[in-house]
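We did not get these values from a lab; they are worked out from the coordinates using the rules stated. Every value quoted in this text rests on a predicted model; they were computed, and no experiment measured them. Cβ placement follows ideal geometry from the backbone for every residue including glycine, while neighbour counts extend to all protein chains displayed.
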């Protein structure tokens with residue numbers, strides 16, 4: 001089995017969040033992470049990103065701040081009452 | 001409106017004193033706009049990127065909400081309910097745009113910035129380091145400012161597919177179908193790139209090893 005490069009491993013680590021890796025892929029990742037500190041850090045960082053995004057789920061003022069202008073509010077209400 | 005109020009009065013009069021009915025959710029778009037207008041607008045704007053379109057989506061959401069208010073039995077909050085309606089409309093809008101202007105993933109996949117992370121032999125150029133107490137960061141409001149800036153820094157198309165996946169929880173096939181991406185593999189490569197960029201930005205601007 002050919003050793004995979006960090007660029008390939010990081011892509012597999014990311015993809016494992018969307019699909020199930022094959023047995024060979026999982027083994028390749030596991031072996032690589034065993035000996036590669038930076039990639040192990042990377043994997044932990046992606047886990048943290050996932051936790052961060054869990055907090056943001058749905059409608060969250062942490063990341064979504066914008067003000068609906070007064071003019072727009074008036075227009076919207078006008079359009080609603082005429083619909 | 002008047003009809004709904006009369007029903008509520010009648011119901012209250014008919015119920016025994018010990019069992020007052022649950023207060024009906026406000027069916028007043030003015031209140032909805034006041035309580036949720038900014039949040040709904042922000043949600044839409046983040047995903048469609050055009051203020052006028054975002055406003056229309058908020059308007060359509062309130063109209064739909066008015067029509068289906070009887071379906072809202074208070075199982076979730078008003079905010080959650082309205083956001084749910086808005087989410088469908090945002091996806092419809094994105095889908096429409098995806099048909100007219102498919103994402104054009106080839107350009108994104110050729111993106112030269114991919115080479116910023118690894119050298120020709122596939123090794124790290126800047127090695128990720130250890131992040132100190134990462135969970136604590138989330139308790140800090142300045143961290144969220146940094147996070148927001150890092151998300152904003154993502155190339156527009158990568159940002160959109162990242163948000164649909166991570167904030168809205170859409171699955172692979174839903175994202176592909178909505179945005180007009182040519183293959184699952186292309187989506188996965190782009191998500192990987194988005195995560196790579198975001199992680200790098202956070203390390204540079206917050207966790208700074």
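Mind running the shape call on the stretch A:1-55? Use the C-alpha gyration tensor, a ≥ b ≥ c as the square roots of the eigenvalues: rounded below 1.5 for a/c, prolate if a/b tops b/c, oblate otherwise.
Details: a/c = 2.66, a/b = 1.53, b/c = 1.74.
Oblate shape, in that a/c is at least 1.5 and b/c is the bigger or equal ratio.
The stretch B:118-187 to the stretch A:16-50: how many Å between their Cα centroids?
16
Taking Rh as the Kirkwood radius, which is the inverse of the mean 1/r over Cα pairs, what is the Rg/Rh value for the protein assembly as shown? Numbers along the way, then the final one.
Numbers: Rg = 23.1 Å, Rh = 21.6 Å.
Using Cα coordinates only, the ratio equals 1.07.
Run lengths n ≥ 4 of DSSP H only: what is the helix-derived mean residue ellipticity at 222 nm for the protein assembly as shown, with -39500 (n - 2.57) per run over all residues, to the nearest 500?
Details: 14 runs with 189 residues, N = 292.
After summing the helix terms and dividing by the residues of the protein assembly as shown, the value is -20500 deg cm²/dmol.
Kindly put A:21, B:91, B:103 in sequence by how many other C-beta atoms sit within 10 Å of each C-beta, fewest to most.
Values: A:21 15, B:91 20, B:103 23.
Ascending Cβ contact count within 10 Å gives the list A:21, B:91, B:103.
Using a 7 Å offset from Cα along Cα-Cβ at residue B:135, what residues in the stretch A:25-57 end up with backbone N under 20 Å from the label point?
Only A:41-57 fall inside the zone, counting backbone N under 20 Å.
Let me confirm one metric for peptide B:63-71, namely the mean number of other chain beta-carbon atoms within 10 Å of its residues' beta-carbons. Write out the running numbers ahead of the final one.
Numbers: counts 4, 0, 1, 2, 1, 0, 0, 0, 0.
Partner-chain Cβ atoms within 10 Å, mean over residues of B:63-71: 1.
Partner chain Cβ atoms within 10 Å, averaged over the residues of B:76-88 - can you pull that number for me? Spell out each step's value before the answer.
Values: counts 0, 1, 0, 2, 2, 0, 1, 3, 2, 0, 1, 2, 0.
Average per residue, whole number: 1.
At what distance in nm do the modelled label points of residue B:153 and residue B:173 sit from each other, each positioned 7 Å from its Cα along Cα→Cβ?
3.6
Using only the Cα atoms of the stretch B:68-209, build the gyration tensor, take square roots of its eigenvalues as a ≥ b ≥ c, and label the shape rounded, prolate or oblate: rounded if a/c is under 1.5, else prolate if a/b is larger than b/c, else oblate. Numbers along the way, then the final one.
Details: a/c = 2.95, a/b = 1.32, b/c = 2.24.
Oblate, because a/c is 1.5 or more while a/b does not exceed b/c.
What ranking do B:133, B:60, B:34 get, fewest neighbouring Cβ atoms within 10 angstrom at the top?
Working: B:133 8, B:60 20, B:34 12.
Result, fewest neighbours first: B:133, B:34, B:60.
Two-decimal Rg/Rh of the stretch B:131-196 from alpha-carbon positions, Kirkwood Rh?
Ratio value, two decimals: 1.05.
Across the stretch A:16-83, how large is the tail of the calculated P(r) beyond 19 Å, expressed as a percent of all Cα pairs? Before the final figure, lay out each step's value.
Numbers: 1425 of 2278 pairs.
For the stretch A:16-83, the fraction of Cα-Cα distances above 19 Å is 63 percent.
Averaging sequence separations of C-alpha pairs under 8 Å and six or more residues apart, then dividing by the length of the stretch B:40-170, give the relative contact order as a whole percent. Kindly include the intermediate steps, with their values, before the conclusion.
Details: 49 pairs, mean separation 25.3, N = 131.
Computed over the stretch B:40-170, the figure is 19 percent.
So for B:30, B:48, B:90, fewest C-beta neighbours within 10 Å to most, what's the order? Don't jump to the answer; show the numbers that get you there.
Numbers: B:30 14, B:48 19, B:90 24.
Placing the least packed residue first, the sequence is B:30, B:48, B:90.
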